[in-house]
Amino acid sequence: MINKDRLWDHLQQLSAIGRDREEGGVTRLSFTPEERAAKDLVARFMKEAGLSVREDEVGNLIGRKEGKNSDAPVVLTGSHLDSVPNGGDFDGPLGVLAGVEALHAMREHGVETEHPIEVIAFTDEEGTRFGYGMIGSRGIAGLLKPEELLATDRDGISIAEAMRQSGLDPEQIGKAARRPGSVKAYVELHIEQGKVLESRNLPVGVVSGIAGPLWVKFVLEGEAGHAGTTPMPMRHDALAAASEIILCIEREAARTGNAVGTVGKLQLSPGGVNVIPGRVEFTMDLRDVNEAVRDQVEERILREARAICERRGIRLQVENMQRIAPAACSPMVQEAIKEAIAAEGLEVFTLPSGAGHDGMQLTGLCPVGMIFARSKDGISHNPAEFTSKEDCATAANVLYRTLLNLARKE
């Protein structure tokens, strides 16, 4: 149905924008010349597909295919064009370009739908530049607040200032919000960024839900001392206590089957080879698609952490850094995706998303669903990120069928 050569060629053209010739990865941060060039290229692809093209008040690039009923709620698809520093070619772009390709193929085949369909390249999903992501999807969902545009990059430039430099008016962001009832559904194609599909030798999967990240900082204060003269029973080693807690995080997350727990940052002091660590700080990233399960895991970890520190004579402080609710995918959209996968003659397999996506912001606006495409070796946010031409085409065909399922029906 879709033209896999055209889709692959579009992916290759886009991957050249922001390419680092030495490290090999792609860097396209929001409101930069690289992002502008990417949007201009994709806008050209949209126009070639026969779509009407515009950008909204937060910079989302939107290509629209009209339906038989132009007033019917629109079916949305898309992803993002921005990247992490030295990232890969497929995280985000595959979803945008597969959406464009699906609508291009519909035009070539003379396919009409009852509902309009729009492909969106969301502004700044990654949050790399300002430490605040999903700007475009928050804007469409009506969740973006003026005070949040005060976040700055490392050069002190705020989101609002960067928007002005790009020709946008930050005072108009409210106009990007879609009114209730105006969107029938949102479906996003994205690379899995994991190894589950590859382990099962499947090109695509249905996403059951998007895990919500909970970030916590632990601060442990013990007593620094000489490594040679302090007997083991007399020590208050903050790192030894932290090590027990870290193993507890691993153990408790693994018990659930779906939760994941990660300690990604750790600092200790004084930091001498012959000094007992007196202070340790580390972070915990805890995720699950089920908020109640995630919070129960957190409770068990905190309870055990307090017991460990009390037993070792360590003072413990816990700071909540971020708590985002998981987003369950709509049964209606999941069913449309499952029908599309079965129509392609493929096994239907459901899995959760551990990474965050723009759809998390849209659950209050419309039913949301996701299609995952197989990632080679599970690598993402890395120049080695790769999804084969055949898998890209298979996933795009599933998206094509899914959009028809959603846009043809009342």
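For this structure, a couple of remarks:
- Using a Förster distance of 45 Å, the FRET efficiency for Asp377-Lys145 (Cβ separation, nearest 0.05): 0.70
- Over region 187-241, the ratio between the Cα radius of gyration and 2.2 N^0.38 Å evaluates to 2.27.
- Dipole magnitude for region 216-323: computed about the Cα centre from +1 point charges on Lys and Arg Cβ and -1 point charges on Asp and Glu Cβ, it is near 120 debye.
- Segment Asp5-Gln165, length gained on full extension (0.36 nm per residue, minus Cα span): 54.0 nm
- Stretch gain in nm, segment Arg408-Ala37, where the contour uses 0.36 nm per residue and the Cα spacing is subtracted: 130.2 nm
- Sequence-distant contacts, meaning Cα pairs under 8 Å at least 6 residues apart, place the relative contact order of region 1-75 at 16 percent.
- If both residues of a DSSP beta bridge must be in the chain, then about 70% of such bridges are antiparallel.
- Principal-axis tilt of helix 389-408 within the chain, Cα atoms, nearest 10 degrees: 70 degrees
- Rg and Dmax of region 216-323, Cα atoms only, in Å: 14.6, 49
- Rounded to the nearest Hz, the phi-derived 3J(HN,Hα) couplings of region 224-237 under the Karplus curve 6.51 cos²θ - 1.76 cosθ + 1.60 (θ = phi - 60°) are 6, x, 6, 5, x, 10, 9, x, 4, x, 9, 8, 10, 7, where x marks glycine and proline.
- Here Gln13 and Thr229 are evaluated by their C-beta separation; at R0 = 56 Å the FRET efficiency comes out at 0.30.
- Excluding same-chain neighbours fewer than eight residues apart, the aspartates and glutamates reachable from Lys338 by a Cα-Cα span under 18 Å are Glu188, Glu192, Glu347, Asp391.
- Taking region 216-323 and dividing mean pair separation by its residue count, relative contact order in percent (alpha carbons under 8 Å, at least six apart): 42 percent
- Per residue, the convex hull spanned by the alpha carbons of region 311-350 comes to 141 Å³.
- Report note on the peptides 242-249, 79-86, 293-300: ranked by the mean count of other C-beta atoms within 10 Å, highest first, their order is 79-86, 242-249, 293-300.
- Relative contact order (percent, whole number), the chain, Cα cutoff 8 Å, 6+ residue spacing: 23 percent
- Coarse-grained scattering of region 265-410 at q = 0.08, 0.18, 0.19 Å⁻¹, given as base-10 log I(q)/I(0) from a Debye sum over alpha-carbon atoms: -0.40, -1.16, -1.23
- If you bin all the Cα-Cα distances of region 119-165 at 10 Å, starting from zero, the percentages per bin are 28, 60, 12, 0.
- Partners for Lys265 among lysines (Cα-Cα distance below 27 Å; same-chain residues under 8 apart left out): Lys195, Lys217, Lys376
- Listed by chain and number, the aspartates and glutamates whose C-alpha is less than 15 Å from the C-alpha of Lys47, apart from same-chain residues fewer than 8 away, are Glu55, Glu66, Glu101, Glu108, Glu118.
- Annotation for region 313-372 versus region 51-96: alpha-carbon center distance of 19 Å.
- Per-peptide average of other Cβ atoms within 10 Å, ordering 17-27, 389-399 highest first: 389-399, 17-27
- Full extension of the chain segment joining Glu335 with Glu22 gains 108.3 nm, where the gain is 0.36 nm per residue of separation less the Cα-Cα distance.
- Derived from the Cα gyration tensor, the three semi-axes of the equivalent ellipsoid of the chain are 42, 23, 20 Å, largest first.
- C-alpha long axis of helix 291-312 to longest principal axis of the chain, angle in °: 20 degrees
- Once backbone amide H atoms are built at 1.01 Å from N, Gly212 has Asp288, Ala327 as its partners under 5 Å, excluding neighbours fewer than 5 places away on the same chain.
All of the numbers you see were taken from the coordinates with simple rules; none came from a lab. Please read these numbers as outputs of a predicted model, since none were measured by experiment. Ideal geometry is used to build each Cβ from the backbone, glycine not excepted, and the neighbour counts take in all protein chains shown.
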